Amino acid sequence: ARQTVEENLEVAEQTIQQASKLAALGEMSAAVSHELNQPLAAMRTYLAGAKTLLKSRRFEEAQGSFDRIDDMIARMGSITNQLKTHARKGSETLKTVDVLESLENAIEIMGPSFAEANLDIIRVFPRQKVWSRLDSSRFEQVLINLFRNAIDATKNIETPQIEVIVAQSDEIKVSIKDNGPGLSNLEEIFTPFFTTKEAGEGVGLGLSISSEIVAEFDGRLTAYNNKSGGAVFEITLPRVSVEPGET
């Protein structure tokens with residue numbers, strides 16, 4: 001009887017291991033597809049604009065569009081390279097980065113989506129640079145995911161709006177506020193596979209992955225409902241002091 005139980009236990013363990021591998025593969029595939037979607041959308045927009053400019057023989061302006069497409073390709077390469085380093089979640093991938101520059105990069109990538117949604121984005125940034133130690137590509141993935149959620153939240157609002165506020169003291173706080181209906185499931189939104197979207201529109205991994213990424217930077221991602229309406233996602237990061245001339 002003991003031998004039978006041990007054999008059954010071994011089979012169960014193998015089944016659990018296989019299920020875990022499949023779940024991890026599914027999460028990875030969903031995450032990669034999720035993060036590559038926005039650069040691809042931006043590239044399509046820039047390419048359409050470049051074709052129009054070329055027909056009008058506005059070659060210098062068309063070159064600007066091609067340069068931006070090149071930037072998007074580089075960014076996609078950076079995202080896929082994360083697959084090689086994801087298992088090494090160590091400080092070797094982190095660098096001192098200007099948080100404002102990453103924000104501007106993410107806003108630029110989301111530009112076509114903002115325009116399509118007729119959404120206004122308001123920046124409240126400090127004049128000086130805001131330094132933290134992080135992986136810029138992965139941080140921008142987090143920002144893009146939060147922007148996409150804000151677009152979804154405001155799709156039925158007559159005048160959709162996102163406000164991005166950056167403040168720094170001992171820590172850095174990046175707040176992304178929308179004027180949507182707010183969050184009704186605050187206790188569950190960071191749970192893997194939890195989603196309020198229709199089937200086929202999301203797998204419920206974006207916020208869970210985003211929270212894990214921010215935690216790797218010794219930061220935290222939180223959410224709450226604004227008293228004046230709408231949802232607020234707040235990223236708190238450690239602040240790094242950089243001497244003049246230092247990068």
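Below, the figures for the structure above:
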quantity	calculated
Karplus 3J(HN,Hα) series, Hz, for the stretch 6-11 with 6.51 cos²θ - 1.76 cosθ + 1.60 (x for Gly, Pro)	5, 5, 5, 5, 5, 5
Inter-probe distance in nm under a simple model that places probes 7 Å from Cα toward Cβ, at ILE121 and ARG57	3.6
Full-extension gain in nm, ASP98 to SER228, via 0.36 nm per residue minus C-alpha separation	43.8 nm
Whole-angstrom gap from the stretch 138-173 to the stretch 222-241, using each part's C-alpha centre	9
Considering only the stretch 104-190, percent of DSSP beta bridges that pair antiparallel, nearest 5	60
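Computed from the coordinates by the stated procedures, all read-outs in this text should not be read as laboratory data. This structure is a prediction, so every number in the text was calculated from the model and none was measured. Don't worry about glycine lacking a Cβ; one is built from the backbone with ideal geometry, like all the others, and counts go over all protein chains shown.
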